[in-house]
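The values are calculated or read from the model by the stated rules, or taken from the named source; none is laboratory data. If you're wondering where the values come from, they're calculated on a predicted model, not measured in any experiment. Note that we place each Cβ from the backbone using ideal geometry, even for glycine, and neighbour counts take in every protein chain shown. Accessible surface areas use protein heavy atoms only, side chains included; no ligands, DNA or RNA. Shrake-Rupley method; radii C 1.70, N 1.55, O 1.52, S 1.80 Å.
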Amino acid sequence: MQIQKQLHASKISRRSFMIHAGGLGIAVAFGGIPNLAAGAIITGQSTGSFQPNAWVTIADDGSVTIVSPASEMGQGIMTTLPLLIAEEMDADWDRTRIIQAPSDAERYGNPGFYGMQLTGGSESTRGYYELLRMTGAQTRKVLLACAAEMLKVPVDELSTSPGKIMHKASGKSLDYGDVARLGQIPDPLPQAEKTDLKSPDQWHYIGRKDIPRIDVPSKTNGTAIFGIDVQQPDMLFGAVLRAPVQGEKPLNINDREAKAISGISHIFPLSYGVGIIGKTVEATKKAKDLLDVTWSTNSRVRDYDSALLLEEYRKVGADINQPGVDAHNEGNAKAVIQQANKVLSADYLSDHVYHATMEPMNATALVKGDTVELWAPTQGPTFTQRFAANVAGTTPDKVTVHTTMLGGGFGRRAEDDFIIDAVSLAMQVKGTPVKVIWSREDDVQHGKYRPLTAQHLEVGLTDDGGIAAWHHRIVADSIFARTFPQAFSGANGLDDVITEGSDFKYGIPAHHIEYIRQDRGLDVGFWRAVGSGYTKFAIECMIDEIATAQGKDPVDLRLEMLKDVPRASEVIKQVAQKARWQEKRENTALGLAYSDSFGAHCALVAEIALNRENGTIRVINVWGVVDPGVAIQPRNIDAQMVGAINHGISHALFEQINVVRGEVQEGNFDTYRVLRMSEMPEIDISIHATPENKPSGIGEVGLPPIGPAIANAVARLTNGTRLRHYPFLPERVLAALDA
């Protein structure tokens, strides 16, 4: 997996630790907050200036401010990452403030993600884990060195507990605030080694089930500031009427009626639409609706018809004479399959899906001279700097980005279109801030959807019931070709976010994965769980198809194939027991699927009912067991699993974007169907932590296995009806039942 290997290539070293975490000096300042028994809080800025490194500031009252480098989009990262520093430095969590990092990849970039300050791909906890623990340990060493000098005792006679330093022999102790107020700067600054890290039995915070997420109170009482909440003095509002087909531009604009709307000050052409600026959101919306625009008609996307293309992709995948780019090749799978006495093959299809973030795309920009100030719910503030600089004709260092809370991300807010809108409009009224808010229809019809995908699988079986070879061909447009063209080119045309999840831990002697790129012009993008969301669908359904062909129980077959992967076997055994796998049901059935995506081991069982008259599927219960390695914040792991499972049910049963002649057919939630609250199942999650393993990502883990678990349950309920096309729309279910 070449591109993603590059993502992980930047391993932390002592040198990189020094660059990222050290060298800011040490100072003493004043200020503080009252003791907060409820735990850490979010604040706008740090208090104090005792700064052992770029991440921590300690005030003279002992309150600690920790920088959170990742974007908070509902995944709880604003708690998880600072908690790692607090743990190792022995901070008092009840006297800890959390601030959002500025846009500064040099200091706050993710070592596991190109060094970029980008939140996505379930890379935050995995990428920052070691760096932040080392940062906490280094902070503790600085505090101990200061305290040793203050108490005139050897540093190795000192110990810490949350917020305090103790000298057992004398009975003396210092609060961290005492050190911040009176300590002298060690020169040189002590640096932490891995041996300074706590062992799991010494953790105060990691793994505790009573640590709540710090972002929830402000979201509950309405004080959290999302991008859409940003207010600036004298701010204007902006909207963009975009071309109905991607890649086209306005040829003629009749704005007579639009200009007559009270409060509208500017209407002007953009290369991709028409910009509108006015005093209120309502005025810009009215004006947009009244614009009469003649658009160009020469975009290649006009040939894009998603239903027809998906059928073309299916044929490409099934034609094994059309070669692809190898994503994995072990043994000679093609030859083994050709010689096998029994071969199973199947095509799995998945449609475009939209991100459906609750907060639509928005950003606020202020352009003054050659500087830009941005307030944006962005997943990548340093990319945002670059996008804005390009539009404004300046350099990234002259762009300041204030990252707000994100009302959902799922990869959509790593894009640049809403940033370009805000800066482009603000350029028209320099010195005045402009907030651009996309309507829901804009967001649905001009998104960066998860790609159309066709997957062709062929499996060669042995006479004694084994699996000799597995051949998996994935046909889709590329995301990386657009977003990271150099990395895509460097990987020789392999897009391993498209093929993500196709490599697995099942023990099969010959295994070949190919990517066959299509280039049909429509922009496609990252989505929650991206490739794993559909590759695990194909894999886990095929495992059940093999079990049926060989007369084996699906649980037994998986345990047989994963006998050398104890963590995988354990979650499957546990979830089967939780769901009472062997127990017969009346009018319902169970389906199981397993996923090893994002570093976690996860097994889900879905119980479903099927209305054979109208083809609707109802998910009644979901049982899950997840092994995330270190379970840093168990409450949040449970919440993320539940959220991802519901998201996965929604996309498996309902979500679908249709493109006809380049135009998206859906417009709002009346036509883009999502799971409703009344349709949510009961979900029971168990966390099987293995602290000896590094933490996995968790925000996306629950999504990949739920779709195949549903499909497998339908097959068991109907004695073999296979659903191989996401989403499982009623008409598709009925067609499968009639086949």
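Before moving on, here are some points about what is shown:
- Restricting attention to the range 229-332, lysine pairs at least eight places apart or on different chains and with alpha-carbon atoms under 27 angstrom apart total 10.
- Accessible surface of the range 602-646 [probe 1.4 Å, protein heavy atoms]: carbon and sulfur percent: 45
- Averaged over its residues, the range 622-739 has an accessible area of 36 Å² per residue, based on protein heavy atoms and a 1.4 Å probe.
- Computed over the range 305-362, the alpha-carbon pair-distance distribution with 10 angstrom bins reads 14, 35, 26, 16, 7, 2, each value a whole percent.
- Amide proton proximity set for Lys249, modelled H, under 5 Å, gap of 5+: Ser296
- Annotation: the range 328-487 has a Kirkwood hydrodynamic radius of 18.9 angstrom, from the mean reciprocal C-alpha pair distance.
- In straight-distance terms, cross-link reach from Lys694 covers every one of the lysines whose alpha-carbon lies under 16 Å from its own, apart from those fewer than eight places away in the same chain; here that gives Lys11, Lys194, Lys198.
- Convex hull volume of the range 133-176 per residue (C-alpha atoms, cubic angstrom): 64
- Summarising the amide proton neighbourhood of His328: residues at separation of 5 or more, or on other chains, whose placed amide H is nearer than 5 Å comprise Ile513.
- In the chain, the calculated helix contribution to ellipticity at 222 nm averages -9000 deg cm²/dmol per residue, counting -39,500 (n - 2.57) for every DSSP H run with n ≥ 4.
- Under 5 Å, built H, 5+ apart or other chain: amide partners of Asp477: Leu452, Gln518
- What the Cα convex hull of the range 85-183 gives, in volume per residue, is 115 Å³.
- The range 205-325 - convex hull of the alpha-carbon atoms, volume per residue in Å³: 261
- Percent of Cα-Cα distances greater than 18 Å, calculated over the range 649-700: 58
- On a per residue basis, the range 457-610 carries 31 Å² of accessible surface, using protein heavy atoms and a 1.4 Å probe.
- Projected onto their three principal axes, the Cα atoms of the range 502-657 cover extents of 50, 43, 41 Å, largest first.
- Carbon + sulfur, % of accessible area of the range 141-287 - ligands and nucleic acids excluded, 1.4 Å: 53
- Placing unit charges on the Cβ atoms of the charged side chains and taking the dipole of the chain about its Cα centre, the candidate lying farthest along the positive direction among Thr364, Leu592, Val622 is Thr364.
- Percentage relative contact order, the chain, counting C-alpha pairs under 8 Å, at least six apart: 13
- Net length gained if the chain between Ser345 and Asp319 were fully extended (0.36 nm per residue, minus Cα distance): 8.2 nm
- Net length gained if the chain between Thr43 and Thr220 were fully extended (0.36 nm per residue, minus Cα distance): 62.1 nm
- With every protein chain in place, the range 362-403: carbon and sulfur % of accessible area (1.4 Å): 49
- Extension gain from Lys578 to Glu157, taking 0.36 nm per residue of separation minus the Cα-Cα distance: 146.6 nm
- Mean-position separation - Cα centroids, the range 650-699 and the range 427-483, in angstrom: 14
- Per-residue ³J(HN,Hα) for the range 209-226, Karplus 6.51 cos²θ - 1.76 cosθ + 1.60, θ = phi - 60°, Hz, x for Gly and Pro: 7, 9, 8, x, 6, 7, 7, 5, x, 5, 6, 6, 8, x, 8, 5, 9, 8
- Rolling a 1.4 angstrom probe over the protein heavy atoms with all chains in place gives the range 253-312 an accessible area of 55 Å² per residue.
- Shown for the chain are the DSSP H helices of 27 Å or more along their axis, judged by Cα atoms, with a mean Kyte-Doolittle hydropathy of at least -1.0: 124-151, 634-653.
- A Förster radius of 60 Å combined with the Cβ-Cβ distance from Lys194 to Asn252 puts the calculated FRET efficiency at roughly 0.35.
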